[in-house]
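Here the structure is laid out as structure tokens; the discussion comes afterwards.
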């Protein structure tokens, strides 16, 4: 049975798709063709035989990997991974948790999971009380808390933690750190995918919530039709949606303690996240 010895386990909306594509190019790495098998969170009851089907095209590479980003924050996943893959190596990419939460929200909004009148401010303040809200928008950013859950089962030398900011600024240097961590050849050229880390922005951001509040059919088409939602999206590398100051301050207060603990654990100043 072929199973992975490497997992890119989060965090969501932190450049993991870019990094997955990057890792796929290395001749010593086999990444599952389905980027996210969602085994240890959603499909664990299907068993390891099912999980092994995601690696059926493995052809002798030293590293066998997958990249399911919700593993990081999903309850019970660290223990499940340890019970099945005690020798696995784990990689986490961490992004400013406020920007990560916003990117996660925008992704879900563009996917039709939210109505436009469920604004970012509303979602982050009601995650625990509104059943229609995806419970990982805010929770996904408690990095220190989640990492501590993995450290209950894995030694620190089997975990590599990198920052999204480093991926953006020096992608190939980050790649070398990963390859050294995996004990594979590091001095090879791999195409830089960092330019792909661009998300569409939403047009009419002030008007859409108003329309959504008073026109029920608008919400129906928003949820049902990808083509309808695309009308309100635009790709532009020089423009992005801006987080409202009050929402940023709200999340800064929420994440302050976790970030302080993370700074101590990583021995790195993260004040630039503020």
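We did not get these values from a lab; they are worked out from the coordinates using the rules stated. Everything quoted here is computed from the prediction, not taken from an experiment. Here the Cβ positions follow ideal geometry from the backbone for every residue, glycine too, while neighbour counts run over all protein chains shown.
Side notes on the structure shown:
- Axis angle, to the nearest 10 degrees, between helix 97-110 and the longest C-alpha principal axis of the chain: 70 degrees.
- Counting only DSSP beta bridges whose two residues both lie in the chain, roughly 15 percent are antiparallel.
- Here the residues 191, 89, ranked from fewest to most Cβ neighbours within 10 Å of their Cβ, fall in the order 191, 89.
- Relative contact order computed over region 33-83 (Cα-Cα under 8 Å; 6+ residues apart), in percent: 51 percent
- Overall form of region 149-192 per C-alpha gyration tensor (a/c, 1.5; a/b vs b/c): oblate
- Considering every alpha-carbon pair of the chain, the percent of pairs per 5 Å bin, from zero through the bin containing the longest distance, is 1, 5, 12, 15, 17, 16, 14, 10, 6, 3, 1, 0.
- Global size of region 87-208 as Cα Rg and Dmax, reported in angstrom: 17.8, 52
- Euclidean distance between Cα centres, region 48-75 to region 107-177, Å: 20 Å
- For the chain, the mean residue ellipticity at 222 nm estimated from helices alone is -12000 deg cm²/dmol, where every DSSP H run of n ≥ 4 contributes -39500 (n - 2.57) and the total is divided by all residues, rounded to the nearest 500.
- Among 107, 226, a tally of other beta-carbon atoms within 10 Å of each Cβ gives an order, fewest to most, of 226, 107.
- The distance from the alpha carbon centre of region 253-274 to that of region 5-45 is 26 Å, rounded to a whole number.
- In the chain, Cα pairs under 8 Å separated by at least six residues give a relative contact order of 23 percent.
- Exposure proxy ranking, count of Cβ atoms within 10 Å, fewest first, for 181, 214: 214, 181
- Principal axis dimensions, region 120-165 - Cα atoms, whole angstrom, descending: 39, 26, 12
- Three semi-axes describe the equivalent ellipsoid of region 11-93; taken as square roots of 5 times the Cα gyration tensor eigenvalues and ordered largest first, they are 19, 16, 11 Å.
- Ranked by the mean number of other Cβ atoms within 10 Å of their residues, highest first, the peptides 257-267, 140-150 fall in the order 140-150, 257-267.
- Rule-of-thumb Rg ratio for region 91-141 [Cα; 2.2 N^0.38 Å; N residues]: 1.10
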